[in-house]
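Here's the structure we're looking at; comments come further down.
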Amino acid sequence: MVRISKNKITKGGPMKRFLINLAIIGLVIVSPSLVNAQTGFYLGLLGGYSAQKPSLSNFEFEFDRDPSFVYGARLGLKFMMLAVEGVFFQASHSLTTDDPAFIFWANRQVDTNFLGVQLKYFLPLLMLQPYFSLGYGYFGANVEAIGQDRQGSWNAGVGVELHLGKKFALLGEGRYFFSQLEIDNEEMKFGQFVLSGGFNFYF
């Protein structure tokens, strides 16, 4: 009769059990978020802080940084770890400088707005879901009594979505807009950072 050693059966047992337990823990963490996370269409509002520091490229001149309030809305579709949304926001800033060479531009109100599409990739955690985002759309600016323009531009951001039930979520996000316009025949860059909070209703 051939006997099988008990040691051969149990050899590698602890490591195998460790890997199985690790896989189970991973499923416990990830699966509920994928099954119970909000999916479908959503409508949301946003508001927060906008910091803008325009510059005139031809003169290598930068205006002072000007903070302001930003507000807007979003409409999107989310499925598991991905979401695509249309977003609109607007904010009013001022061109501020003490340089006498640019006094013509100083203290002008700048109304900016953005209308575009953003793609989000969520990290599948339980209630709190961080995400990375890349977007493209039309950024516009109207400089008081000087001129206005609208051009396509990219933006990138990171954020987090907090799930509170199946129909409601809170969001926090930081996003930077890479925008370059032509105002009164001058090439003008709008480095604009937006830090916003808001909520989404799923339906």
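The values are calculated or read from the model by the stated rules, or taken from the named source; none is laboratory data. Source: prediction; values computed, not measured. Cβ sites come from the backbone with ideal geometry, for glycine too, and all protein chains shown count toward neighbours.
When the stretch 44-67 is filtered for residues that are over 21 Å from the mean Cα position of the chain (by Cα), of a type in the set (Ser, Thr, Tyr) and either surrounded by 14 or more Cβ atoms within 10 Å (Cβ to Cβ) or more than 21 Å from Ile183 (Cβ to Cβ) (or both), only Ser55 remains. Hey, among the residues in the stretch 105-139 that are aliphatic (A, V, I, L, M) and without any contact (Cβ under 8 Å) to a residue 24 or more places away in the chain, which one's surrounded by the most Cβ atoms within 10 Å (Cβ to Cβ)? My answer is Ala106.
The sole residue among Ala83, Ala169 that is of a type outside the set (Asp, Glu), touching an Asp or Glu at 6+ places or on another chain (Cβ under 6 Å) and surrounded by 14 or more Cβ atoms within 10 Å (Cβ to Cβ) is Ala169.
With respect to (1) touching a Leu at 6+ places or on another chain (Cβ under 6 Å); (2) surrounded by fewer than 19 Cβ atoms within 10 Å (Cβ to Cβ); (3) of a type in the set (Phe, Trp, Tyr), the lone exception for Trp154 is condition (1). When the stretch 184-203 is limited to residues that are of a type in the set (A, V, I, L, M, F, W, C) and modelled with pLDDT under 95, the one that is nearest to Asn58 (Cα to Cα) turns out to be Phe190.
Here the stretch 180-203 is the region considered, the condition is being among the polar types (S, T, N, Q) and over 18 Å from the mean Cα position of the chain (by Cα), and the residue that is nearest to Ala169 (Cα to Cα) is Gln180. Looking at Leu181, Leu170, Leu195, just one residue is under 16 Å from Gln129 (Cβ atoms) and among the aliphatic types (A, V, I, L, M), and that residue is Leu170.
Tallying residues that are out of contact with any Ser or Thr (no Cβ under 7 Å at 6 or more places or on another chain) and assigned to a loop (DSSP other than H, G, I, E, B) within the stretch 109-146 yields 5.
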